[in-house]
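Presented below is the structure to which this report refers.
Here, each number is a calculation from the coordinates, and none is a lab measurement. Predicted model only: the values in this text are computed from it and were never measured. We place every Cβ from the backbone using ideal geometry, glycine too, and count neighbours over all the protein chains shown.
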Amino acid sequence: MNEIKLQEFMGRLVVDMGGAALMATVILGEELGLYRAMADGRPIAADALAQRTGCHPRLVREWLNAQAAAGYVELEGEPGAERFRLPPEQAMALADENSPVYVAGGAVVLASMYLDRDKIAAAMRGDGALAWGDHDACLFRGTERFFRPGYRANLVSQWLPALDGVVTKLERGAKVADVGCGHGASTVVLAQAYPNTRFDGYDYHAPSIEQARQRAAQAGVAANTTFAQASAKGYPGDDYDLVCFFDCLHDMGDPVGAARHAHAALKPGGTVLLVEPYANDTLQQNLNPVGRLFYAASTCICTPNSLSQEVGLGLGAQAGERRLRHVFMDAGFASFRRATETPFNLVLEARKAA
Ligand SMILES: C[S@@+](CC[C@H](N)C(=O)[O-])C[C@H]1O[C@@H](n2cnc3c(N)ncnc32)[C@H](O)[C@@H]1O
């Protein structure tokens, strides 16, 4: 036993436990509007923030102390006369829902991992299965809010232009399936950008489909969207120009079956847009901050969901391009390539022969 290594590891655990505890305060800060109330970047005293948000002054002071200790807010003033400031960079991540790096809304996904721990433990002791719809409902809304900033920032400006000939088709008027669409975050972004194209959202989770329909109506894109409850191997149609899988293929029990169904649903020359969490091909290459976040979420959410469905391949959220290529080549696609990427996303293109 090496005393120095032990101390280093204990220090590391304090950091990680602090992060896990702090995420609960991030969720509170988002839900109670505390970050938004500080978004002007001006220093504010705890009592003034409490008054601005209608929250209890003593608890707001303690919340601010935690934010200051984490470096999420900056501290000014002498002891007893402290004021707290949310810097613009932190405001982008924590207060501005329209920013490309907004994470506060998605932090509630982490809460679902704690809330559902008894079910996850039962899956680990049993057959490994825990279906998406059996999680606490905060997962569904959290997932929407976790992924939406990335879709808003990248989908139309970066990802679609990286695909071969797809933008021209969408501008002219095409037919698109958004498979595993959840609350329709991606469907709405697409439908707003391409009013001549029809977007059909499918998901096997009925409450998500109902939410997606409402989101599309609120966003004013009801006219060029439809939503239906259907599995990735069961939706209708054989004349799609584009079939999309946004952060959902690895959640499925039978990704090859889903890819084969997409192949049958596409016109000749049609395209699959596959967006998956960024990952390298081996575990050894994924031992990094993105890998630890996604492996942890995948243990509690993605992999048990896959094991709850037929085939139960259990790809996991760090599948990597090589395994995903096998899925699409096995399903009969003519080509597969990495179209582009972000630090958090692999953006892959599969083409059906013309
Ligand atoms: C991580 S969520 C992503 C949702 C959405 N695409 C997004 O990016 O916000 C995965 C989604 O896949 C759906 N799903 C999982 N297995 C499915 C299947 N076999 N058929 C259809 N949908 C499925 C889940 O219900 C869930 O909505």
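Structural remarks
- Filtered residues of the range 214-236 (kept if more than 26 Å from Ala319 (Cβ to Cβ), within 15 Å of the ligand (Cβ to nearest atom) and not hydrophobic (A, V, I, L, M, F, W, C)): Gln214, Arg215, Thr225, Pro236
- Test: Ala185 is aliphatic (A, V, I, L, M) and either touching a Cys at 6+ places or on another chain (Cβ under 8 Å) or free of Cβ contacts under 8 Å to residues at least 40 places away in the same chain (or both): no
- Only one of the numbered conditions (1) over 22 Å from Phe140 (Cβ atoms); (2) surrounded by fewer than 21 Cβ atoms within 10 Å (Cβ to Cβ) is not met by Lys352, and that is (2).
- Scanning the range 145-170 for residues that are within 10 Å of the ligand (Cβ to nearest atom) and either touching a residue at least 60 places away in the same chain (Cβ under 8 Å) or aliphatic (A, V, I, L, M) (or both) gives Phe147, Gly150, Tyr151.
- Where a residue in the range 230-249 is touching a residue at least 60 places away in the same chain (Cβ under 8 Å) and its partner, wherever it lies, is in a strand (DSSP E or B) and hydroxyl-bearing (Ser, Thr, Tyr), with Cβ under 6 Å and at least six apart: Leu242/Thr271
- Restricting the first member to the range 201-229 and to residues that are among the β-branched types (Val, Ile, Thr), and the second to residues that are surrounded by fewer than 20 Cβ atoms within 10 Å (Cβ to Cβ), the beta-carbon pairs closer than 7 Å and six or more apart or on different chains are Ile209/Ala228; Ile209/Gln229; Val221/Gln192.
- Filtering the range 171-191 to residues that are away from the ligand (no atom under 16 Å from the Cβ) and touching an Asp or Glu at 6+ places or on another chain (Cβ under 8 Å) leaves Ala174, Lys175.
- The residues listed here are Pro268, Pro255; of these, the one that is within 15 Å of the ligand (Cβ to nearest atom) and within 30 Å of Ala334 (Cα to Cα) is Pro255.
- Only one of the numbered conditions (1) within 12 Å of the ligand (Cβ to nearest atom); (2) among the aromatic types (Phe, Trp, Tyr); (3) within 20 Å of Arg351 (Cβ to Cβ) is violated by Tyr204, and that is (3).
- Filter pass, Gln318 being of a type in the set (S, T, N, Q) and either without any contact (Cβ under 8 Å) to a residue 40 or more places away in the chain or closer than 14 Å to Asp247 by Cα (or both): yes
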